[in-house]
1. With the condition kept exactly as written, say whether any residue in region 617-632 is free of Cβ contacts under 8 Å to residues at least 60 places away in the same chain, surrounded by fewer than 15 Cβ atoms within 10 Å (Cβ to Cβ), more than 16 Å from the ligand (Cβ to nearest atom) and farther than 13 Å from Ala551 by Cβ.
2. Give the number of residues within region 583-596 that are assigned to a helix (DSSP H, G or I) and under 13 Å from Glu550 (Cβ atoms).
3. If I ask for residues that are open to solvent by less than 10 Å² (accessible area, probe 1.4 Å) and near the ligand (Cβ under 8 Å from one of its atoms), which ones from region 395-412 would you list?
4. Given the residues Thr360, Thr295, which is the only one that is surrounded by fewer than 24 Cβ atoms within 10 Å (Cβ to Cβ) and either at pLDDT below 95 or out of contact with any Cys (no Cβ under 7 Å at 6 or more places or on another chain) (or both)?
5. Filter region 334-353 for residues that are without any contact (Cβ under 8 Å) to a residue 60 or more places away in the chain and small (Gly, Ala, Ser) and give the result.
6. Would you be able to tell me the number of residues in region 172-200 that are over 13 Å from Pro278 (Cα atoms) and open to solvent by less than 10 Å² (accessible area, probe 1.4 Å)?
7. Taking only pairs six or more apart or across chains, which ones have beta-carbon atoms under 8 Å, a first residue in region 394-409 that is of a type in the set (Asp, Glu), and a second residue that is open to solvent by 30 Å² or more (accessible area, probe 1.4 Å) and near the ligand (Cβ under 10 Å from one of its atoms)?
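The values are calculated or read from the model by the stated rules, or taken from the named source; none is laboratory data. These numbers come from a predicted model, not from an experiment. With ideal geometry, Cβ positions are generated from the backbone for all residues, glycine too; neighbour counts draw on all protein chains shown. Side chains are part of the model used for accessible areas, which takes the heavy atoms of the whole protein and leaves out ligands, DNA and RNA. Shrake-Rupley method; radii C 1.70, N 1.55, O 1.52, S 1.80 Å.
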Amino acid sequence: MSSQIDHLLNEDRRFAPSPEFAAAAVADASLYERAAADREGFWADQARELLHWHTPFTEVLDWSNPPFATWFADGELNVAYNCLDRHVEAGNGDRVALLWQGEPADDQREITYAELTDEVKRLANVLGDLGITRGDRVAIYMPMIPEAIAAMLAVARVGAIHSVVFGGFSADSLRSRIDDAGAKLVITADGGWRKGKVSPLKPAVDQALAGRGGAGEQETVEHVLVVRRGGNAVEWTEGRDVWWHDVVPQSSADHEAQPFPAENPLFILYTSGTTGKPKGILHTSGGYLTQATFTNKVVHDLHPESDVFWCTADIGWVTGHSYVAYGPLSNGATQVLYEGTPDTPHPGRWWEIVEKFGVTVLYTAPTAIRSFMKLGRAIPKKFDLSSLRLLGSVGEPINPEAWMWYRKIIGGKTAPIVDTWWQTETGAIMVSALPGVTETKPGSAQVPLPGIAIDVVDEDGAHVGNGNGGLLVVTQPWPSMLRGIWGDPERFVETYWEKFQKQGFYFAGDGARLDDDGDVWFLGRVDDVMNVSGHRLSTTEIESALVGNEAVAEAAVVGASDETTGQAVAAFVIIKQSYLAAHSPEGLAQTLRAWVGDQIGPIARPRDVYIVEELPKTRSGKIMRRLLRDVAEGREVGDTTTLADTAVMSVISAQVK
Ligand code: 6R9
């Protein structure tokens, strides 16, 4: 066992749920028992209990043609009906669905389930007028405004397929996604508010669609539907462009939701990150909605009549699909939707929102938590956060120090934390503690959810056993699993199923380790695993050690090629302001090198420690280590188009030189 495993296994802090929390929790241990006794029956129960089926299903899972699964295939439902109409019909039309906060402080709207249902029905009629029918693809390129949620639901309502493209992506990224999906309609806004000013969107759509339709080029887009939000001037293509406010309010609010088969495609979502053509991950309706609804309910302990849920993710990534658009609305919950950035107009904006709306359940990413840590506790302490009773984390491994800070400073030392592992491909949460049931452990995502079968295996697919590291696999199909890669079934098989073809396991691409209790610790993507002098080292492990030092606010580690050791550890660290003032950069680098050596072992001691002001991140908050590797290896920095802030890399390159 390597020294880094020992380091992780040294984590002995445990937090049992309080008796009060456990007593009121949605989940209880019987879920595990039921699922263990009959996995498919368990999911069938969830699908029947949590959703309305226009036509009840009799089949559960069909796995006769792996890896192509179907779930509940002979059932019929309407996803939007499940998220809207049924709540109104049950007498909850007056419940607030969206507590929307625009970035400018006085831009605020409360939208009830009845109002949102109305808006979606009108929009569904407009989509019909624009020629959108079942199976058509609609690109959505919007800021975080209620119309964005309405757009997703209206597309779902008519049985069409949405492809949400993050509003910060470039015209080129939008173009390639429109092309790959063959989108017929683009729904956008003139612009949205970001960092204190209007950030235009429509010009990028115009640019993406400009000069198309020539010889050999097939322009699939027929119309662009535009919400007025930013008030910025926009160009207009007559006949193609349509203002939302010219057509939606005028349209009829009578629209009956038609049933569609459970396997009707719901959305395509392109995965960000690595090189090459983006993959259009395809999700369908019944299984996806079952697992999104179930996990949102039990993992976020959602009590729709009393909770105020806030998932801070943008709708441009999967967390915004499952835990902003679909999960909370299917559960009939009240949620906050915030348009702007966390630091506008002041660094306490999020905490101000928590106080203002009385947020009870907060779901966010480790990168956000660490950037708040960097600013210091004084900022959140200015606000009343006592409404928060449960905290969630997603997107990256959360290092124990950030976990503890989250618990103490944001959660008032009482709110349980659920560290939830899943992917665009899995559609919904797969590995997480159940609040009120599981004793939590800082840094570990812990256990598969009831009904989910995972394992940690070696290169040959054999279970590694407790105390060992390996690769995370999903060993049984699950309801919200991806159904394929849009237009590329071969790539789907190759990417996820070929590696463990013999066993029929889904390969997630994540390294993981089982501790002595059998709990799962995620170690980052396997492509982020370094090999230093023949020792396997995880980037996450070393980052976690660095952040454990009191001087460090944030850290990113990469393996840089090294003549003698194969790879060497290169660390990029952000130092807390107070330490920067009092210490020299050389002294700090020296101290941190020794610190990592002490924490993990000499093998993990970074060769280079670069002190920087910022780290390159994607819009979903993932550190782009590939770019840091370019810097550490002295290469020209590669493609930065998926960065949230494309200027960051030139700043870092300049600082490192
Ligand atoms: C939901 C989402 C998926 C990748 C995944 C893994 C990393 C997500 C994590 C986590 C450790 C967690 N990841 N949650 N790693 N602990 N709780 O993030 O989807 O954008 O597709 O990313 O994110 O590496 O493979 P997506």
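1. Looking for residues that are free of Cβ contacts under 8 Å to residues at least 60 places away in the same chain, surrounded by fewer than 15 Cβ atoms within 10 Å (Cβ to Cβ), more than 16 Å from the ligand (Cβ to nearest atom) and farther than 13 Å from Ala551 by Cβ, one finds none in region 617-632, hence no.
2. To start, the set of residues in region 583-596 that are assigned to a helix (DSSP H, G or I) comprises 585-596.
Then keep just the ones that are under 13 Å from Glu550 (Cβ atoms); that gives 588, 591-592, 595.
Going through region 583-596 one residue at a time, the tally reaches 4.
3. Ile398
4. Details: Thr295 fails: surrounded by fewer than 24 Cβ atoms within 10 Å (Cβ to Cβ).
The match here is Thr360.
5. The answer is Gly348, and nothing else.
6. Just the residues of region 172-200 that are over 13 Å from Pro278 (Cα atoms), to begin with: 182-200.
Keeping just the survivors that are open to solvent by less than 10 Å² (accessible area, probe 1.4 Å) gives 183, 185-192.
Count: 9.
7. Listed pairs, sorted by first residue: Glu396/Lys622.
Okay, residues lined up against (1) at positive phi; (2) in contact (Cβ under 8 Å) with a residue 40 or more places away in the chain:
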position	(1), (2)
Lys381	no, no
Leu388	no, no
Pro416	no, yes
Gly427	yes, yes
Trp478	no, yes
Met481	no, yes
